[in-house]
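First comes the structure, then the notes that go with it.
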Amino acid sequence: MSTTEVALVTGGSRGIGRGIAVALAGLGWRVALTYNRDATAAAEAKGLVEAASGEGLVIQADVAQAADRARLIDAVLAHWGRLDMLVNNAGMAPRKRGDLLEMTEESYDEVMATNLKGPFFLTQGVAKMMIEQVQKGVIQRPKIVNISSVSAYASGTNRGEYCISKAGMSMMTALYADRLAEYGILVYEIRPGVIETDMTAAVKAKYDRLIFQEKMTPIVRWGKTEDVSRAMLAIAQDLFPFSTGQVFDVDGGFHVRRL
């Protein structure tokens, strides 16, 4: 299947972002993916995108930096002349987990800049460009997808800055869904649970216990990047044309209240 559509996946070099990029490539999408530090991982991801029948473009960018965000949008437009979908996936956990009462302003600022401020203003810039392209007839079904987390509502007092950033991203989804609907730009949130990635590798023992011994989720297994990618494919194929601001829980049922 071939397509002229273009997606920008931030943090697309590893983990969930890489899985999304490769899955979109399997539909024939052209995919721009960003990385911040690991150029080798980004090159590997580009190779996988191209092996899956897509076209790949790698761009180094720190979404927390305004100049990088502007350069990122310009690079995609210079290369392909259009952008049909933005996937705000780039994010970070605090460099050091610790008691909420000992959180530093430096840690708070760094996590919030990467996980919330960056995606918010990147979305602002992309939205303005998408509006223009919709009005010119260049794109027809633009979408913005935010990758949040169950931490948007589940307290984790040893990583409070991460939880706050993801809660903010959920409101950001609602705000942009409301503001952009008149232009036909649909905005969604995918809310993963415990997914097996580099980010969760450091706390694998903890989550093994919670999942397999304490049955934290009704579906008793680790989430896979492919689980998130499948949700993304449904959105990419325009299967929810009468939905915007919708949250898709990909969490093994973690959100279900149980007695």
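Asp84 meets the stated requirement of being surrounded by 14 or more Cβ atoms within 10 Å (Cβ to Cβ), within 18 Å of Ile144 (Cβ to Cβ) and touching an Asp or Glu at 6+ places or on another chain (Cβ under 9 Å). Report, by residue number, each residue of segment 140-166 that is hydroxyl-bearing (Ser, Thr, Tyr), assigned to a loop (DSSP other than H, G, I, E, B) and under 17 Å from Pro94 (Cα atoms). Passing the criteria: Ser148, Ser149, Ser155, Thr157. For Ala177, the criteria (1) among the aliphatic types (A, V, I, L, M); (2) in a loop (DSSP other than H, G, I, E, B); (3) touching a strand residue (DSSP E or B) at 6+ places or on another chain (Cβ under 6 Å) hold in every case but one, which is (2).
Within the span defined as segment 87-95, every residue fails to be within 28 Å of Asn158 (Cα to Cα), out of contact with any helix residue (DSSP H, G or I) (no Cβ under 8 Å at 6 or more places or on another chain) and modelled with pLDDT of 95 or more. For residues in segment 179-198 being of a type in the set (Asp, Glu) and in contact with a helix residue (DSSP H, G or I) (Cβ under 9 Å, 6 or more places away or on another chain), which is surrounded by the fewest Cβ atoms within 10 Å (Cβ to Cβ)? Here the residue is Asp198. For segment 206-248, filtered to residues that are farther than 18 Å from Arg18 by Cβ and either among the hydroxyl-bearing types (Ser, Thr, Tyr) or modelled with pLDDT under 95 (or both), the residue that is nearest to the chain's Cα centre (by Cα) is Thr244.
When Phe120 is tested against (1) out of contact with any helix residue (DSSP H, G or I) (no Cβ under 6 Å at 6 or more places or on another chain); (2) part of a helix (DSSP H, G or I); (3) buried (at least 16 other Cβ atoms within 10 Å of the Cβ), just one condition goes unmet, and that condition is (1).
Counting only helices (runs of 4 or more DSSP H) that sit completely within segment 1-99, those holding 1 or more residues that are closer than 18 Å to Met199 by Cα and either more than 19 Å from the chain's Cα centre (by Cα) or of a type outside the set (Asp, Glu) (or both) correspond to 15-26, 39-51. Pairs linking a residue in segment 229-251 that is among the aromatic types (Phe, Trp, Tyr) to a residue that is at pLDDT 95 or above and part of a strand (DSSP E or B), with Cβ atoms under 6 Å and 6 or more positions apart or on different chains, are Phe248/Ile190.
The values are calculated or read from the model by the stated rules, or taken from the named source; none is laboratory data. The structure displayed is predicted, hence computed values, not measured ones. Positions of Cβ are backbone-derived with ideal geometry, glycine not excepted, and every protein chain shown enters the neighbour counts.
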